[in-house]
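Here the structure is laid out as structure tokens; the discussion comes afterwards.
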Amino acid sequence: MTGIPVRAPRTLVAILVAAASFAATAGPADAQARPAAASRARTAAARAAAPAGADTATINAAVARVAPEAIAIRHDLHQHPELGNHEVRTAGIVADKLRALGLEVRTGVAHTGVVGVLRGGRPGPVVAVRADMDALPVTEATDLPFKSTVRTTYNGLEVGVAHACGHDVHVAIELGVASILAAMKDRLPGTVLFIFQPAEEGVPQGEDGGAKMMLAEGAFRDPHPSAVFGLHTMAEMPVGKLGFTPGPALASATTFRAVIRGRQAHGARPELSVDPIVTAAQVVLALQTIRSRNTSPFAPTVLTVGMLHSGERQNIIPGEARLEGTIRTYDAAVQDQIERRMREVFDGITKSAGATFTLEFEEGTPVTVNDTVLTARMVPSLRRAAGEANVSQIPPATVSEDFSYFANVVPGFYFRLGSTAPGTVSGDHHSPTFRADDTAIPVGIRAMTTVVLDYLGAGGR
Ligand SMILES: [Zn+2]
Ligand SMILES: [Zn+2]
């Protein structure tokens, strides 16, 4: 591959081998200061006990070996997408594959989640890799030959179902990584926990699920990992590119629901009413000033009213109005500030109108934070896997991710995988024309395998 610095991988391999060969006496600095010794050890170790696949050429060969099967699995999953908490067929395919690879497999974690444990033959840390399995209620409109034509009912409506966020690609990649690491199990210095989670996009109304429930049901218990890795396709990034964001990378998502209660009256007798529509309109406009006048310009936030329902007939002033929306922040203090100001806005405006209100916040997904130390350590692995020029730091995004629950328990590193092939066009995530390309799969397998092997090889420090 072009653009890969020769020194970086050798240094990493040298650290690996030095750790194996001079465990008691030599640290990484010693290994770099003694290239001849490290080189001899590297050659010997490659023949004997080193974790095969830790060098770029071996990883590339392994990726070429497993990619066709991963792509075939992706096509199958894409044609049979399943909504959150209903990933029964998907979970079955995942569990069968992990068992065939010789992993210890737990199923039914948080309804349909699957956990596979690969215990390496050599001592080392435990690391978790997570993929999400759910599709979305979206009717696919791509030119993919394996596009979804599945339909189902969702919240009482008939909808199409599609992998419009690329989770089929994530599952295929993680199975590819499992295939590579299982093949070198005896020489693997540590344990890898493969997490396949349901309902990343949220659960059906009234249900529990997703990452939070997987943790509650022991996904990180026995063995407990010291770090967790995840990746996600990115439509606006071409295949071959990888992106990462140190620190807060994706926003928290909180849902709010409000009811403004006024007094119903004839549409021609407004003096007898307390009009909830006018009051709600004032509230919606006043909410816009929270971001512009109350929070710092340096604190990115979103406050969206996504639903405003009131009234049934043109000549009746209704009795109430319902508002629902979403809040996105990157900081718990800012979140608290927004919720407090929203209460004050609702309180002041409804009081002045003679109306009353209720306002509830449903805490959703927390902020996805990339541990800065872990990120700094793993970015060189991304560069080795994709080439120096193909890896870039990207700004935080306002979407949110269930991965945050895992990354709140142990240090996490979550990176983005370019998924639009040159010469093709993809709509945004969650749109009917979202189109992740198969060619992103070997790139993802190579990147994640390199990250995991480098982490384990360096002893998880
Ligand atoms: Zn999504
Ligand atoms: Zn997604």
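The values are calculated or read from the model by the stated rules, or taken from the named source; none is laboratory data. As the structure is a prediction and not an experimental result, all values here were calculated from the model. Quick reminder, even Gly has a Cβ in these numbers, built from the backbone with ideal geometry, and neighbours come from all protein chains shown. These area figures cover heavy atoms from the full protein model, side chains too; ligands, DNA and RNA do not enter into them. Shrake-Rupley method; radii C 1.70, N 1.55, O 1.52, S 1.80 Å.
Be a star and scan the stretch 99-140 for residues whose amide nitrogen sits under 19 Å from the point 7 Å along the Cα-to-Cβ vector of residue 207. Once the point is set 7 Å along Cα→Cβ of residue 207, 107-115, 131-139 turn out to lie under 19 Å by backbone N, inside the stretch 99-140.
Summed over the residues of the stretch 313-461 and divided among them, the accessible surface reaches 40 Å² per residue at a probe radius of 1.4 Å. Taken as entire DSSP H runs, the helices of the chain that both span 27 Å or more between Cα atoms along their own long axis and average -0.5 or more on the Kyte-Doolittle scale are 56-79. At 10 °C and 1.306 mPa s, what whole-number value in µm²/s does Stokes-Einstein give for the translational diffusion of the stretch 50-145, with Rh from the Kirkwood sum over Cα pairs? Here the translational diffusion coefficient equals 101 µm²/s. Using heavy atoms of the protein chains and a probe of 1.4 Å, the accessible area assigned to residue 307 is about 80 Å². Each part reduced to its alpha carbon centroid, the stretch 210-241 and the stretch 90-153 end up 11 Å apart.
Using heavy atoms of the protein chains and a probe of 1.4 Å, the accessible area assigned to residue 450 is about 10 Å². Counting only protein heavy atoms and a probe of 1.4 Å, the accessible surface of the chain is 55% carbon and sulfur. Per residue of the chain, the DSSP helices (runs of n ≥ 4 H) give a summed -39500 (n - 2.57) that works out to -12000 deg cm²/dmol at 222 nm. If you sort 215, 188 by accessible surface, 1.4 Å probe, largest first, the order is 215, 188. Using the alpha carbons alone, the radius of gyration of the chain stands to its Kirkwood radius in an Rg to Rh ratio of 1.06.
Volume per residue for the stretch 84-218 equals 102 cubic angstrom (convex hull of Cα atoms). Equivalent ellipsoid of the stretch 182-279: semi-axes from √(5λ) of the C-alpha gyration tensor, largest first, are 50, 20, 11 Å.
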